[in-house]
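The values are calculated or read from the model by the stated rules, or taken from the named source; none is laboratory data. Values in this document were obtained by computation on a predicted structure and should not be read as measured data. Using ideal geometry, Cβ is built from the backbone for each residue, glycine included, and neighbour counts are taken over all protein chains shown. Surface areas here come from the heavy atoms of the whole protein model, side chains and all, with no ligands, DNA or RNA. Shrake-Rupley method; radii C 1.70, N 1.55, O 1.52, S 1.80 Å.
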Amino acid sequence: MTQTHTSTPTDCCAEFAAMSRRSLLRGALALGGASTVVGSAVVSASASAVVPASSVLVVLSLRGAADGLSLVVPHGDPVYYAARPRIAVPKASLVAQDAFFGLHPQLAPLLPMWDAGTLAAVHATGLPAPNRSHFSAMEELEDADPGSSARVGWLNRLVGTRDRHSPLQAVGVVSGPPPTELVGPVPLMTVGSLDDMVVAGDDQYDTDPAGKRRRSLETLWGTEPGPLGVAMRSAMSATTDFTPVLSTADHTASYGGSDLGRALSEVARVIRGNVGVEVLTVDQGDWDMHTGLGTLEWGQMITNAGNLATTVAAFFADLGDQAGKVTLVALSEFGRRVAENDNYGLDHGYGNVMLVAGAGVKGGKYYGTWPGLTNSLDADLTVTTDYRSVLAEVVSTRFGSSTASVFPGFTPQTLGLMGSA
């Protein structure tokens, strides 16, 4: 008799499920400065000035705590196989193997980048101290300033180090509220879909050749001195500056049909539009695998890992002549326990893996200091590399920004992960 295993997104923990359901209630006011809504896009007050970006950073957040020990397997540590007798990925199935690590076989679409030296993995990374609350860990990860009472994201601080300022410098492609990493005093924007980056009513149904709807808004807000007036003028300017993006080719069909694929295809269009965007963020959920993580024959991990690899590979192929300036970092709020549970899954843990791809990456290798695994019910992968060290190296090499400004009070460890593009 054949046994069938199934799992659904509802198999995640109650906190992650509740957070996903209430995400829309967190609201657009999380953005610093005055903000307004254009369609479903949130645009904050700032003067817009389109200058093509010389470097672009894409931050891909794998929401729900992805299991880094499944994505990048420490086959050289025998405890891994002892602690996971049913769900461990067999050594013979791993790709891009060295003497100790190997990639999950569903990551095979990324092998050309690995072999070309534009993809690397950093293992045993994470927060300075364990935090197993999804919501709290996400906030801490994206704030990247432990102990501070100010709610300012590290990407907001990064954009604040730049010489120019525009709401188009950083874009969050999210269906809900802006992520914490973009929140702060520098006005930035989020958009659920590129189709939403328009002034509501300024469309084919406005039969006035001059655009009656837009002219009315410009008349209403053109001389308003307050924050809302500044925000409205900025919003309308941003929609105009964004126009080249809307005329770029849509290659969504080449991404495999997943939600992540649709999001990254829009990110690629923004970059190809060359309207000055330097930072983009994408959130992808459904990594909270308490049950049904599965094996190589069934389960959520083979699906998620396959979608991740297919879409990231398609994304870099889609960038065309812009690929040489784009660096992507994929990370998750925390990792998962070393030992499997009774439900073919894993409970909340600590250390994890980060993937870094694209411009400037010294790839084709694994970075980090391996702490060794322990086989017990509450054992975690210990963090030996603060995740900020990885981000700091990207920030300093790709943007020339002060890491002390972006990560206050933190002295990064040198990894040698990044070089010149």
*How about the stretch 224-241: which of its residues are open to solvent by less than 10 Å² (accessible area, probe 1.4 Å) and without any contact (Cβ under 8 Å) to a residue 24 or more places away in the chain?*
229
*asked:* Where the second residue is open to solvent by 10 Å² or more (accessible area, probe 1.4 Å) and among the aromatic types (Phe, Trp, Tyr) and the first is touching a residue at least 40 places away in the same chain (Cβ under 8 Å) and part of a loop (DSSP other than H, G, I, E, B) and lies in the stretch 327-347, which pairs have Cβ atoms under 8 Å and are six or more apart or on separate chains?
replied: 334/350; 335/350
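Counting only residues that are of a type outside the set (Val, Ile, Thr) and crowded, with 21+ Cβ neighbours inside 10 Å, which one in the stretch 375-388 is nearest to residue 339 (Cα to Cα)?
Among those that are of a type outside the set (Val, Ile, Thr) and crowded, with 21+ Cβ neighbours inside 10 Å, it is 380.
Could we say that residue 377 is in a loop (DSSP other than H, G, I, E, B), over 14 Å from residue 356 (Cβ atoms) and not basic (Lys, Arg) here? Full working, then the answer.
Details: in a loop (DSSP other than H, G, I, E, B): yes; over 14 Å from residue 356 (Cβ atoms): yes; not basic (Lys, Arg): yes.
In short, yes.
Only residues that are of a type in the set (Gly, Ala, Ser) and open to solvent by less than 10 Å² (accessible area, probe 1.4 Å): list them for the stretch 56-84, please. Give the steps one after another, and end with the answer.
Going residue by residue through the stretch 56-84, those that are of a type in the set (Gly, Ala, Ser) are 61, 64-66, 68, 70, 76, 82-83.
Within the stretch 56-84, 61, 64, 65, 66, 68, 70, 83 qualify.
Only one residue in 294, 324 is open to solvent by less than 10 Å² (accessible area, probe 1.4 Å), modelled with pLDDT of 95 or more and of a type in the set (Gly, Ala, Ser). Which one?
None of the other options fit; the residue is 294.
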*For residues that are open to solvent by 60 Å² or more (accessible area, probe 1.4 Å), in a loop (DSSP other than H, G, I, E, B) and at negative phi, tally how many sit in the stretch 393-417.*
3
